[in-house]
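K.L.:
Mind looking over this structure? Questions follow.
Just so it is clear, none of the values below were taken in a lab; they were calculated from the coordinates. The shown structure was predicted, so the numbers you read here are calculated from the model rather than taken from an experiment. All Cβ positions, glycine included, derive from the backbone under ideal geometry; neighbour counts span all protein chains shown.
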Amino acid sequence: MKLGIIGLPGSGKSTIFEALTQNILPEGHKTENRIGTIQVPDKRVAVLSDMYKPKRTIYAQVEYFLPARLHPKKDQKIWTQVRDCDALIHVIRNFGVYGVEKPKPYHDFHAMDQELILADLVVAEKRLENIELDRRRDKKTSPEELSLLNQCLKNLENEMPLRKFPDLASAHLLKGYAFLSAKPMLVMFNNEYEDDDIPEAEDLTSSEDCMVIRGKLEQELAQMSDEEADEFLAEFNITSSAMDRVIKQSYNLLGLISFFTVVSDEVKAWTVKKETKAVDAAEVIHTDMKKGFIRAEVVSYDNLMAAGTYHEARKKGNVRLEGKTYEVQDGDIITFRFNV
């Protein structure tokens, strides 16, 4: 999972990136693209590792991408870099700055959203021009793709982001365009040090996935030892770190779940979308598993914990054999049987 961090200048994007990744740089070294890869916290992985004592324990990972601060005239280059992200984190300033006007969350959100829409409009118009040229040259074109692009164009011209139209946003024929406004978006209000309230922006909070983060505070927290961090969390009434909260919200936003595999030398967490079929989950591990899929041996994490051991879970009838069309559930522990 790769998340791109965007926002207007001065919104605190670098601060948020450092709070999430603990990748802290001096101020003068923040002009390049930055990528931070972190483990997805999951207590279930640690428990399984303690139970099975494998040589390796592998957590799922999430990648955060912060594009470089480029000149506004090169915005298209910025968007090109962000297009391969699975979702966007839109950071909005909700803190005061001396000599700068008060924050205007809805205004700032709308300004950035229009930039996404404009970038997508350029892509859609260019592709429609090329399709028309192909048609004139008697080259084969896809009527379905043309229809989808025209729908995109209409919505974009009406200043509507494509994420508001799920059928368009998820259309297979449009996947290659990686439309920015079609990507799931998490709106993150970057608040003052002592302010953990959602700002008064009802039109925004009622229509988008929103959360609050006290960026500067969380950035400081990311630089502390575990002992210092625990005291800090208690002092500011923070129940979990920014990283934990953002990952959880991101999983919900993208409709993701985790399943686990346990072999003699490895416990590993895997990430898939909800409603993923067993045969497709097998492909996430290796294409040969899908090709030669026979069955999936499944036990839920909760049933395994209740039984105490895999053997006891089997005796209780909690270990099931499932076919290709079984929908993987969050917390499933799966052994894939295959033959190639």
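K.L.:
Based on this model, can you work out whether Val263 counts as over 20 Å from Thr325 (Cβ atoms) and surrounded by 14 or more Cβ atoms within 10 Å (Cβ to Cβ)?
P.N.:
The answer is no for Val263.
K.L.:
Quick one: is Lys273 among the basic types (Lys, Arg) and either touching a Gly at 6+ places or on another chain (Cβ under 7 Å) or exposed (fewer than 14 other Cβ atoms within 10 Å of the Cβ) (or both)?
P.N.:
Taking the combined requirement at face value, the residue satisfies it.
K.L.:
Next up: Residues of segment 306-326 being loosely packed, with under 13 Cβ neighbours inside 10 Å and not hydroxyl-bearing (Ser, Thr, Tyr), which ones?
P.N.:
Taking segment 306-326 and keeping what is loosely packed, with under 13 Cβ neighbours inside 10 Å, we get 306, 308-309, 311, 315-317, 321, 323, 325.
Matches in segment 306-326: Ala306, Gly308, His311, Lys315, Lys316, Gly317, Leu321, Gly323.
K.L.:
Out of (1) in contact (Cβ under 8 Å) with a residue 60 or more places away in the chain; (2) assigned to a strand (DSSP E or B), the odd one out for Glu297 is which?
P.N.:
Answer for Glu297: the failing condition is (1).
K.L.:
Taking Asn303, is it surrounded by 14 or more Cβ atoms within 10 Å (Cβ to Cβ) and in a helix (DSSP H, G or I)?
P.N.:
In short, yes.
K.L.:
To continue, here is another question. Could you list, in sequence order, all residues of segment 230-244 that are in a helix (DSSP H, G or I) and under 16 Å from Lys216 (Cβ atoms)? Talk me through it step by step, then tell me what you get.
P.N.:
So the first thing to find is which residues in segment 230-244 are in a helix (DSSP H, G or I), and the list is 230-235, 242-244.
Phe232, Leu233, Glu235, Ala242, Met243 - these are the residues of segment 230-244 that are in a helix (DSSP H, G or I) and under 16 Å from Lys216 (Cβ atoms).
K.L.:
Buried (at least 19 other Cβ atoms within 10 Å of the Cβ), acidic (Asp, Glu) and touching a residue at least 24 places away in the same chain (Cβ under 8 Å): is that true of Asp120 in this structure?
P.N.:
Taking the combined requirement at face value, the residue satisfies it.
K.L.:
Take Ser241 and decide whether it is under 27 Å from Ile24 (Cα atoms) and hydroxyl-bearing (Ser, Thr, Tyr). Reasoning before the result, please.
P.N.:
Numbers: under 27 Å from Ile24 (Cα atoms): yes; hydroxyl-bearing (Ser, Thr, Tyr): yes.
Here the answer is yes, as Ser241 does meet what is asked.
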